[in-house]
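Participant: Quick one: structure below, then a few questions.
The values are calculated or read from the model by the stated rules, or taken from the named source; none is laboratory data. These numbers were taken from a predicted model, which means no experiment stands behind them. All Cβ positions, glycine included, derive from the backbone under ideal geometry; neighbour counts span all protein chains shown. In case anyone asks, the SASA skips ligands and DNA or RNA and just uses the protein heavy atoms, side chains included. Shrake-Rupley method; radii C 1.70, N 1.55, O 1.52, S 1.80 Å.
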Amino acid sequence: MPIPLQARGSVAGTLPLLGDGSAMSAGAERRLGDRIARELYRDPDFIDDPVLTDYVQGIWLPLLAAARARGDLTPELDERFAWRIVLGRDRSVNAFALPGGYFGVHLGLLAVVSSRDELASVLGHELSHVTQRHISRLISKNEKQTPWMIGAMILGALAASKSPEAGNAMIVGGQALSAQSQLNFSRDMEREADRVGFGVMTQAGFEAQGFVGMFDKLQQAARLNDSGAYPYLRSHPLTTERIADMQSRLPLGAPHSVDVAPTATHAMLTARARVLANPGADALRGWQAQADNLAPAQALAQQAGTLYGAAMAASRLRDAAQARKQYAQLQKVVGDEPEARRQMRWLGLEIELAARDRSRPQVLALGVDVGLDLNSPADGSAASLRRPDLLLQAQIATQAGRDAVLDKVAQNLQVWLVSQPQDALVWQWLASIYAAQNQSLRALRAEAEARVAQLDYAGAIDRLKAAQDRLQRAGASNASADYIDASIIDTRRRQIEALFKEQALEN
Ligand SMILES: [Zn+2]
């Protein structure tokens with residue numbers, strides 16, 4: 001992304017060498033990143049869709065592991081930075097690195113890639129901007145700006161880049177403005193991110209062809225002059241040099257241009273990203289027309305994508321009958337591949353839960369598909385559950401509302417949070433489960449943790465205060481179980497207040 005700091009191009013060739021001490025410290029960069037991320041989490045366009053998050057994480061975690069194994073990601077940075085991806089509902093094609101190891105990815109990017117490999121090539125590139133400390137080097141060139149000002153400028157540039165029209169206007173009508181206030185990474189940095197990113201993605205097991213496929217897409221968009229829909233192209237112009245570099249990395253004889261046919265899984269995920277990026281009623285109705293005009297000659301994977309999108313869109317339009325009809329068609333074309341079947345089943349459960357026309361026992365019966373089988377003695381493998389399974393379990397439990405199920409799901413969510421304490425959405429669902437169990441103190445504490453996970457310390461303190469007030473009103477009549485909750489709440493409040501003070505001091 002364009003980092004709005006200084007005149008464009010003035011940094012190329014004058015970068016301080018790595019390790020010469022002039023780069024921003026990792027701690028300072030993380031604090032700056034936290035400040036920006038806190039705003040992104042508050043943005044109405046921020047989206048944590050469990051299925052798409054699971055898909056992106058399934059690519060992101062292997063990339064991080066490869067960067068560690070190659071030594072690009074040092075233990076110090078690994079520990080200090082967030083390494084978190086923040087998804088935005090925006091339909092433009094973009095991904096960008098932010099200070100402190102935060103990354104933004106637009107749904108528009110997920111909607112155009114033809115394979116996991118293509119997405120891995122973009123994420124590997126952005127990851128490498130951060131491991132190579134490009135951001136800190138750009139920021140430290142601008143010593144006169146306080147972190148607060150830099151944070152505000154980056155947020156301003158992000159807001160401007162969201163609307164393709166506004167972004168174009170800035171470039172076309174405001175060349176001067178853009179030269180004053182924006183800075184892309186230098187060409188050298190881009191070349192380095194291409195090189196390191198390619199190494200990371202191939203080491204992580206992704207196909208080098210993904211790199212080529214993504215370049216082809218960007219080239220096509222460049223030919224169509226489509227930089228409005230492709231902000232990524234504005235920050236990553238396809239110089240002949242970049243293309244030549246890329247081609248020299250491919251094994252000799254490898255085709256330079258490939259037309260990857262998406263798998264059924266991929267086609268469904270792409271459709272999902274498109275539905276979520278275009279949630280308006282007209283766009284949702286548009287899916288019905290596409291599904292009605294399915295050509296039998298179309299590849300089954302493509303049909304699966306269209307039917308998935310149409311069923312999901314119908315469900316969002318609250319037309320359960322239509323959604324079920326299209327889902328039944330989807331079941332016929334999706335094929336046998338286990339991951340494709342799983343994606344399909346997750347959608348089926350969403351449709352059923354949104355329909356809300358089932359009896360409680362019928363809702364409970366849905367749980368078997370996501371590992372929630374109370375009749376099976378072997379049902380103890382919370383570790384093998386994926387995040388969408390867990391979150392669907394939570395929805396099933398709150399709709400069905402039976403004690404044994406609520407207990408079981410609360411347990412599963414707690415197990416997940418032990419290793420993923422920063423998962424705001426899971427905390428939020430745990431709060432709903434506690435509320436359904438009439439455990440109001442625990443519900444408030446879980447809500448507080450959800451706020452902390454999104455760096456909203458003030459919101460967290462409010463909820464812990466409410467919990468303490470409630471305890472006080474209840475007085476000494478409390479059972480000893482409440483005593484344990486009370487001491488946890490006291491401890492957490494003190495810890496979070498310390499974080500809040502630290503945050504306030506930086507302003
Ligand atoms: Zn780049």
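Participant: In region 188-305, which helices (runs of 4 or more DSSP H) lie fully inside it and hold 1 or more residues that are in contact with a helix residue (DSSP H, G or I) (Cβ under 9 Å, 6 or more places away or on another chain), away from the ligand (no atom under 16 Å from the Cβ) and more than 16 Å from Leu109 (Cα to Cα)?
Facilitator: Qualifying helices (runs of 4 or more DSSP H): 209-223, 240-249, 264-277, 281-292.
Participant: Kindly indicate the residue of region 288-342 that is of a type in the set (Ser, Thr, Tyr) and free of Cβ contacts under 8 Å to residues at least 40 places away in the same chain and also most open to solvent (accessible area, probe 1.4 Å) among those meeting that condition.
Facilitator: Checking each candidate, the answer is Tyr327.
Participant: Moving on to the next point. Hand me the list of helices (runs of 4 or more DSSP H) wholly inside region 309-401 holding 1 or more residues that are at pLDDT 95 or above.
Facilitator: By residue number, 320-333, 338-355, 387-400.
Participant: Now a separate question. Within region 81-91, is there a residue that is within 15 Å of the ligand (Cβ to nearest atom), surrounded by 21 or more Cβ atoms within 10 Å (Cβ to Cβ) and either without any contact (Cβ under 8 Å) to a residue 60 or more places away in the chain or on the phi < 0 side of the Ramachandran plot (or both)?
Facilitator: no
Participant: What's the number of the only condition in (1) touching a residue at least 12 places away in the same chain (Cβ under 8 Å); (2) away from the ligand (no atom under 16 Å from the Cβ); (3) not aromatic (Phe, Trp, Tyr) that Ile154 fails to meet?
Facilitator: (2) is the only condition that Ile154 fails.
Participant: Enumerate the pairs (first residue in region 33-57 and on the phi < 0 side of the Ramachandran plot and at pLDDT 95 or above; second residue anywhere and open to solvent by 40 Å² or more (accessible area, probe 1.4 Å) and not charged (D, E, K, R)) with beta-carbon separation below 9 Å, excluding pairs fewer than 6 apart on the same chain, so at least 6 apart or on different chains.
Facilitator: Hits for this filter: Asp48/Leu425; Pro50/Leu425; Thr53/Leu425.
Participant: Report yes if Ala277 is of a type in the set (A, V, I, L, M), buried (at least 20 other Cβ atoms within 10 Å of the Cβ) and either within 27 Å of the chain's Cα centre (by Cα) or at pLDDT 95 or above (or both), otherwise no.
Facilitator: yes
Participant: Suppose we filter Gln472, Gln468 for residues that are without any contact (Cβ under 8 Å) to a residue 60 or more places away in the chain and open to solvent by 60 Å² or more (accessible area, probe 1.4 Å); which single one remains?
Facilitator: Gln472
Participant: Can you name the residue in region 394-433 that is touching a Lys or Arg at 6+ places or on another chain (Cβ under 8 Å) and closer than 21 Å to Pro361 by Cβ and is also most open to solvent (accessible area, probe 1.4 Å) among such residues?
Facilitator: Here the residue is Arg402.
Participant: A further question follows. Show the residue pairs meeting these rules: Cβ distance below 6 Å; 6+ apart or different chains; first residue within region 350-364 and acidic (Asp, Glu); second residue open to solvent by less than 90 Å² (accessible area, probe 1.4 Å).
Facilitator: So the pair list comes out as Glu352/Leu366.
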